[in-house]
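Data first, discussion second: the structure below is written as structure tokens.
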Number of protein chains: 2
Amino acid sequence: MQTTMMKVPLSLNHLLERAGRLFHGSQIVSRLPDKSLKRHSYAEFYRRTRALGAALQALGLRQGERVATLCWNHHAHLEGYFGIPAAGGVMHTLNLRLSPEEIGWIAADAQDRFLLVDDVLLPLYEKFKHLHAFEQVIVVPFSGAPVPPGFTDYEALLAGADADAFVYAPHQEDDPVAMCYTSGTTGRPKGVVYSHRSTVLHSLVGCLPDFTAVRGIDVVLPVTPMFHANSWGMPYIAVMMGAKLVFPGPHLHPDDLLDLITAEPPTLSLGVPTIWMTLIQAYDASLKAGSPNHGRWKLPEGMRSMVGGAAVPESLIRAFAAHGIWILQGWGMTETSPVGTLSYPTAALRGASEDERFRRAAMAGVPAPLVELRLRGDAGQDQPWDGQSVGELQVRGPFITGSYFQVGSPDDKFTPDGWLRTGDVATVDELGFMRIADRTKDLIKSGGEWISSVDLENALMAHSAVAEAAVIAIPDDKWGERPLACVVPKPGEQATPEALNQLLLSKGFAKWQLPERYEFIDAVPRTSTGKFWKLKLRERFSS
Amino acid sequence: MQTTMMKVPLSLNHLLERAGRLFHGSQIVSRLPDKSLKRHSYAEFYRRTRALGAALQALGLRQGERVATLCWNHHAHLEGYFGIPAAGGVMHTLNLRLSPEEIGWIAADAQDRFLLVDDVLLPLYEKFKHLHAFEQVIVVPFSGAPVPPGFTDYEALLAGADADAFVYAPHQEDDPVAMCYTSGTTGRPKGVVYSHRSTVLHSLVGCLPDFTAVRGIDVVLPVTPMFHANSWGMPYIAVMMGAKLVFPGPHLHPDDLLDLITAEPPTLSLGVPTIWMTLIQAYDASLKAGSPNHGRWKLPEGMRSMVGGAAVPESLIRAFAAHGIWILQGWGMTETSPVGTLSYPTAALRGASEDERFRRAAMAGVPAPLVELRLRGDAGQDQPWDGQSVGELQVRGPFITGSYFQVGSPDDKFTPDGWLRTGDVATVDELGFMRIADRTKDLIKSGGEWISSVDLENALMAHSAVAEAAVIAIPDDKWGERPLACVVPKPGEQATPEALNQLLLSKGFAKWQLPERYEFIDAVPRTSTGKFWKLKLRERFSS
């Protein structure tokens, strides 16, 4: 027996057409380099995006060819998200936080044909252009200054294209739409290629009411860069539902974000924990009488805040909850589109205490629909979901990568039965809540027992004098490895190893799990995506 | 360039496995024939469903074979929803409201191999069993009485099966999972066959926060029969999110539903307008001092109520809104899985007046993601979305049927370019809100101009003395056709043609659009799915 259902491919173009027909009045707000706000309606977005598609086709873009973007979060980048695939191309987001050498290497590896770049990022482009020759460099006049000679002016390109006559490139649902390189702290970055199918499925799943719950009446502030795992898919989700978008442009300093939040209050915001940590500290400081910023900002009560990219300490969740803002933590990777798990109050938590809810909110959460998840022990056995048993997190699903661009098999990132080995070590409890214990390479093995650096860090960061803490393994003759805690005190505050150990003991850590040593440092080094860069700490301290 | 995403098929089994792992504590409540409540946990549901799968495989069910269900809404029907496809079978829901001849004809047409039937429905089975020989009749002991000899006891079947050893039938995402016959008022019913793919996509879309918005903490009351367009997909959606389900069993009288709502307060309920119309009348009557039911019931404030299957009059929406209950109207068909459009407050209605919001809520709404919609005029031209231009509604998408079971092409239900001709005549306005003007065959053409019977009905039903109104076309020598209004007054109330005409004029109808004649009747005849059966009225009055 056969299904009678139509064979209609999933398509990103459908989301664009839908937005153009249903949501023409919705707004897209972009913060410009001079900090002013530029507004576009969805009607303009729709028209400009189709014009971009027409222009790229006129430039000779062929099916599957890459168009790189080197842009902040703003309206033109959003136009690239939809316009490049509409023309049959693949949007390849370049990470502007990487070194010029890395960016150039990645552009060459991806064989990017065109580049869409912000004028304010041309100095960065100049530093890597010798590594890869783009056939055409299209410059977004983001600052308002004239586009320098030798480049294609993005606005002129759109103005010269015929949006009405635009015809979408024919495609199958497995055809590529976007590409993003992993930002591994070791080894060469590798390309992940998303398809129409994976992007539409990810948008539907990510939008579910227990997850980002984006409605048409929402106002969404994606602080997460659009060059980092597609800003967690939010550009696609927001356009699918017609939500208002507020883009911060290049202004990611906490004071700037608080200005923007106050001017255009979001109902949903997205960012990594470090951003929100500094933001809430700045906000709380502004509430004190006598602060130079007293009365300058207002956090919108009821705002949901999606935080991911690194574990979110419970203390940060509580700090926001005190202002009526609920932090929704997730886990994902460039390889998972990226939403893999999300921590929300499931039905099982209906009668749970406030403490229990906060404890759960500080976990990575339950797998999203369409995502399968398993834990594999050292001997390759399936680990039980008991909240105790540790194993390597492996995932599988239609928006999870099964290979890397131009990397042949066998690739040890994948199991023989086709699951992605995430490189994270985790536990899952009886309610399906996952906790990342560590990156495989960050785990501390002391006397044959694992110690979770993430657990220690989160506990340490709950101390009132601690701004940040990163725990690494140091070699030890007797125990193999022992934990070392690198602690950043808050300005003007102090914490002693004794006081920190006391805190850890009070939180249930055993004596042998306490850090062997404390180092007080000025800042934790970070990767380009804002994660703790423990490799640097290990280089500095593990001798 | 190729995508690197995994090739993982969409699968209903994934939703079942997910529920079994994540939501074991969620509840399924079923009302039994004696009106008592039976409770199952999701853990039991998961185990029983896999046992059903194992039992069907042991009975020799082969890939794609049909297992019919003739059941009310309850836990065992839900087990069939997932257990039959898990075994590789196709769940074919038989509509118990049809005549025995029709049911027998449909079972024979579908070549159903097994039947799952409620014991309380065995008398109905006896009436059509001569029309189709099921190889095995499995009886759900729903009433608690022993299963009569000659039948297979559902509970004994499950008890004898090994849920742990169950292995899902291998499948592709386009393989069938369920089948439902259209309940056309003319012509033979035709089978629509849903697939894993269409069902998963429909579940994701239907669950979106602007639509049913089902969260794990929701309590869902599906009054819509599970034999009617899969109860609008709610069984799949609820299980996907782990929501509590409250099934009314055979007790659909307003008093019974109000008892159930009071005992197990839902946060979301689903049903056709006629059910809610009688329910709100019973509830409002109970609020009057001296009513025999005074104080017996409580409608849960904040409950969302999804209503579809026929146009919802604005008066009904206002009647529920007075109790803090928001009615969410949708449009769909068996052929569309069934969610096609839904009326919700889009971003464009942010600043709209209350009256405007009610007016929009009484429309069929905007197309869901993945659903394409167009209006075709008499000459085959695309009609503009201006809220005025009328055309036949045509739809297209991955959960819309492209053919009927065993009906070869050409089939005039489909256009040459592959769209479904819905048989509805509609307008769509500039915000994408669709309004059904009529079924193609119910339109009234008077003097070359269309008159919408639905518009007249909704306006008449706003009169305080009118319980129901159905408008049909009667032949007219001069004008071709003229409208005739069949009006059911509320008990003890009266309405005159003069008063009703006055009301219509005050609502903006032109004189030539007023009914030519009024007939006051006791009840509007209904089809098996609760819709007005205008064919019967035409037979009675059009001479």
**Signed unit charges on C-beta, dipole axis of the protein assembly as shown, positive-most listed residue B:194, B:324, A:201** = B:324
**Request:** Kindly provide the GluC sites (Glu not before Pro) of region B:86-175 that DSSP labels as loop, not H, G, I, E or B, and whose Cβ sees at most 12 other Cβ atoms within 10 Å.
**Result:** B:135
**Asked** Straight-line reach from residue B:288: which lysines have a Cα under 23 Å away, not including same-chain ones fewer than 8 places off?
**Response** B:298, B:490
**Asked** Averaged over B:337-347, how many beta carbons belonging to a partner chain fall within 10 Å of each residue's beta carbon?
**Response** 3
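Report the Rg/Rh value for the protein assembly as shown, based on alpha-carbon coordinates and the Kirkwood definition of Rh. Working shown, then result.
Working: Rg = 30.8 Å, Rh = 31.3 Å.
That ratio is 0.98, to two decimals.
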**Prompt:** Just counting partner chain Cβ atoms within 10 Å, what average do the residues of peptide B:16-22 show around their Cβ?
**Reply:** 4
**Request:** Tally the DSSP beta bridges in region A:253-440 and give the antiparallel ones as a percent, rounded to 5.
**Result:** 75
**Asked** Which links in B:190/B:534; B:127/B:531; A:7/B:534 stretch past 23 Å when you go from one Cα to the other?
**Response** B:127/B:531; A:7/B:534
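Take the Cα gyration tensor of region A:253-440, multiply each eigenvalue by 5, square-root it, and list the three semi-axes largest first, rounded to whole angstrom.
Working: eigenvalues 251, 75, 34 Å².
Largest first, region A:253-440 gives 35, 19, 13 Å.
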**Computed label-point distance, nm, for sites residue B:62 and residue B:535 using a 7 Å Cα→Cβ extension** = 3.6
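Cα gyration tensor of region A:299-390, axes a ≥ b ≥ c as square roots of the eigenvalues: rounded (a/c below 1.5), prolate (a/b > b/c) or oblate? Show your work: numbers first, answer last.
Values: a/c = 2.23, a/b = 1.63, b/c = 1.37.
It comes out prolate by the Cα gyration axes.
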**Request:** Using the Karplus curve 6.51 cos²θ - 1.76 cosθ + 1.60 with θ = phi - 60°, work out ³J(HN,Hα) for each residue of region B:384-389 in order, rounded to whole Hz, and write x for Gly and Pro.
**Result:** x, 8, 10, x, 10, 5
**Prompt:** So, by mean Cβ neighbours within 10 angstrom, what's the order for A:56-65, A:252-261 with the highest one leading?
**Reply:** A:252-261, A:56-65
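Where in chain B are the DSSP H helices whose alpha-carbon span along the long axis reaches 18 Å or more and whose Kyte-Doolittle mean is at least -0.5? Before the final figure, lay out the partial values.
Working: long enough: B:42-58 (24 Å, -0.28); B:273-286 (20 Å, 0.38).
Qualifying helices: B:42-58, B:273-286.
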**Prompt:** What list of whole percents do you get for P(r) of chain A, with Cα-Cα distances grouped in 20 Å bins up to the one holding the largest distance?
**Reply:** 21, 55, 22, 1
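How shielded is B:175-181 by partner chains, expressed as the average number of their Cβ atoms within 10 Å of its Cβ atoms? Don't skip to the end; give the middle numbers.
Numbers: counts 3, 5, 1, 1, 3, 0, 0.
Average per residue, whole number: 2.
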**Fraction of beta bridges assigned by DSSP in region B:443-541 that are antiparallel (%, nearest 5)** = 80
**Fill in**
Mean shadow area (nm²) of the C-alpha convex hull around region A:443-541 is 6.2
**Request:** Starting from the Cα of residue A:536, draw a straight line to each of the aspartates and glutamates and keep only those under 16 Å, dropping any in the same chain fewer than 8 residues away.
**Result:** A:442, A:468, A:519, A:522
**Reference-scaled alpha-carbon Rg (2.2 N^0.38 Å with N residues) for region B:457-511** = 1.19
**Complete:** Counting sequence-distant residues (5 or more places) and residues on other chains, those with an amide H built under 5 Å from that of residue A:467 are A:488, A:490
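Which of the trypsin sites (Lys or Arg not before Pro) found in region B:486-521 are in a DSSP loop and have at most 15 neighbouring Cβ atoms, other than their own, within 10 Å?
Details: sites: B:507, B:511, B:517; in loops: B:507.
The qualifying sites are B:507.
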**Protection proxy ranking of B:299-312, B:82-95, B:31-44 - average other beta-carbon atoms within 10 Å, highest first** = B:82-95, B:299-312, B:31-44
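Calculated FRET efficiency, residue B:43 and residue A:354, Cβ-Cβ r, R0 25 Å, to nearest 0.05?
Working: r = 27 Å, r/R0 = 1.06.
Efficiency at R0 = 25 Å is approximately 0.40.
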**Prompt:** Per the Kirkwood definition applied to all pairs of different Cα atoms, how many angstroms is the hydrodynamic radius of region A:12-189?
**Reply:** 16.6
**Item:** Packing-based ranking, highest mean first, of B:217-223, A:419-425, A:443-449, A:533-539 given that Cβ atoms within 10 Å are counted
**Value:** B:217-223, A:419-425, A:533-539, A:443-449
**Fill in**
Per the charge dipole of chain A (beta-carbon charges, Lys/Arg positive, Asp/Glu negative, Cα centre), the residue among A:416, A:213, A:231 reaching farthest to the positive end is A:213
**Request:** Give me the aspartates and glutamates in straight-line cross-link reach of residue A:244: C-alpha distance below 12 Å, same-chain residues under 8 apart excluded.
**Result:** A:218, A:264
**Message:** With equal scatterers on the alpha carbons only and no solvent term, can you work out the Debye log10 of I(q)/I(0) for region A:423-481 at 0.20, 0.26 1/Å?
**Reply:** -0.83, -1.05
**Request:** Can you tell me the FRET efficiency between residue B:494 and residue B:381 if r is taken as the Cβ-Cβ distance and R0 is 45 Å, rounded to the nearest 0.05?
**Result:** 0.45
**Item:** R0 of 30 Å, Cβ-Cβ distance residue A:126-residue A:262: FRET efficiency to nearest 0.05
**Value:** 0.25
**Asked** How much length, in nm to one decimal, is gained on full extension between residue A:439 and residue A:136, taken as 0.36 nm per residue of separation minus their Cα-Cα distance?
**Response** 105.1 nm
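Read the figures in this text as sums done on the coordinates, not as results from a lab. Predicted model only: the values in this text are computed from it and were never measured. Positions of Cβ are generated from backbone atoms using ideal geometry, with glycine treated the same way; all protein chains shown enter the neighbour counts.
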